[in-house]
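Undergrad: Can you read through this structure? Questions will come right after.
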Amino acid sequence: MDKNSCPYQTAIETNGVLAFVPHGNSMWPFFKSGKQTVIIVKNKDRLELLDVALYKTCDGQVVLHRVVGVLDDGYIMQGDSLFKSEKILESQVIGVMDSFYKGKRILSPLDPKYVKKVKKWYKGGKTVNFRKKLFHFFADRKQAK
């Protein structure tokens, strides 16, 4: 196996699809740690604004975040509950979210209700920033116990 590949990348290249349960709080409120299964496929085209992509960071971590900016040579990525974004190159993208489970239902990221909620979240300004801060305050307190 190539030293730059990872099990996620290998699964997508071999099977064309990858299903996994993401952990961590960076994609709250749309994905709760350990609660939803996401389905990732190899992206055929360039990613679009608000797509959720799986990518490999420069330090080798595999991350699932949202596209908040499209550049000529890559993307600006950000977790839904995070304030900081990062620039990645097109070559760092492993795949794009094709669908996800919410309870027993499988949803498309193109579902109109989901798209409306995501757009509202990213246009929320001060209200969303307050909710992010509040979430992290309580998440940090819970971890400290």
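Undergrad: If the requirement is being without any contact (Cβ under 8 Å) to a residue 60 or more places away in the chain, basic (Lys, Arg), more than 17 Å from VAL21 (Cα to Cα) and not in a strand (DSSP E or B), which of these qualifies: LYS87, LYS117, LYS113? It would help to see each step written out before you state the result.
TA: On the way: LYS87 fails: not in a strand (DSSP E or B); LYS117 fails: without any contact (Cβ under 8 Å) to a residue 60 or more places away in the chain.
LYS113 is the lone residue from the list that is without any contact (Cβ under 8 Å) to a residue 60 or more places away in the chain, basic (Lys, Arg), more than 17 Å from VAL21 (Cα to Cα) and not in a strand (DSSP E or B).
Undergrad: Taking ILE40 and the conditions (1) more than 16 Å from ARG66 (Cα to Cα); (2) modelled with pLDDT of 90 or more; (3) among the β-branched types (Val, Ile, Thr), which numbered condition does it fall short on, given that it satisfies the others?
TA: Every listed condition holds for ILE40 apart from (1).
Undergrad: Now for a separate question. Could you list all residues from region 87-100 that are surrounded by fewer than 16 Cβ atoms within 10 Å (Cβ to Cβ) and farther than 17 Å from ASP45 by Cα? Give the steps one after another, and end with the answer.
TA: So the first thing to find is which residues in region 87-100 are surrounded by fewer than 16 Cβ atoms within 10 Å (Cβ to Cβ), and the list is 87, 89-91.
Residue satisfying the conditions is LYS87 alone.
Undergrad: Turning to a different aspect of this structure: Among the small types (Gly, Ala, Ser), in a strand (DSSP E or B) and surrounded by fewer than 18 Cβ atoms within 10 Å (Cβ to Cβ): which single residue out of ALA53, ALA19 fits that description? Outline the logic, then answer.
TA: Working: ALA53 fails: surrounded by fewer than 18 Cβ atoms within 10 Å (Cβ to Cβ).
Criteria check complete, one pass: ALA19.
Undergrad: Still on this structure, please answer the following. Looking only at residues in region 120-142 that are of a type outside the set (D, E, K, R) and not in a helix (DSSP H, G or I), which one is surrounded by the fewest Cβ atoms within 10 Å (Cβ to Cβ)?
TA: Residues of region 120-142 of a type outside the set (D, E, K, R): 121-122, 124-125, 127-130, 134-139.
Narrowing further to those that are not in a helix (DSSP H, G or I): 124-125.
Details: GLY124: 13, GLY125: 8.
It comes out as GLY125.
Undergrad: Still on this structure, please answer the following. Just name the residue that is surrounded by the fewest Cβ atoms within 10 Å (Cβ to Cβ) out of those in region 69-86 that are of a type outside the set (S, T, N, Q) and within 11 Å of the chain's Cα centre (by Cα). Talk me through it step by step, then tell me what you get.
TA: Within region 69-86, the subset of a type outside the set (S, T, N, Q) is 69-77, 79-80, 82-84, 86.
Now narrow it down to the ones that are within 11 Å of the chain's Cα centre (by Cα): 77, 79-80.
Numbers: MET77: 25, GLY79: 22, ASP80: 20.
The selected residue is ASP80.
The values are calculated or read from the model by the stated rules, or taken from the named source; none is laboratory data. As the structure is a prediction and not an experimental result, all values here were calculated from the model. Every residue, glycine among them, receives a Cβ derived from its backbone with ideal geometry; neighbour counts consider all protein chains shown.
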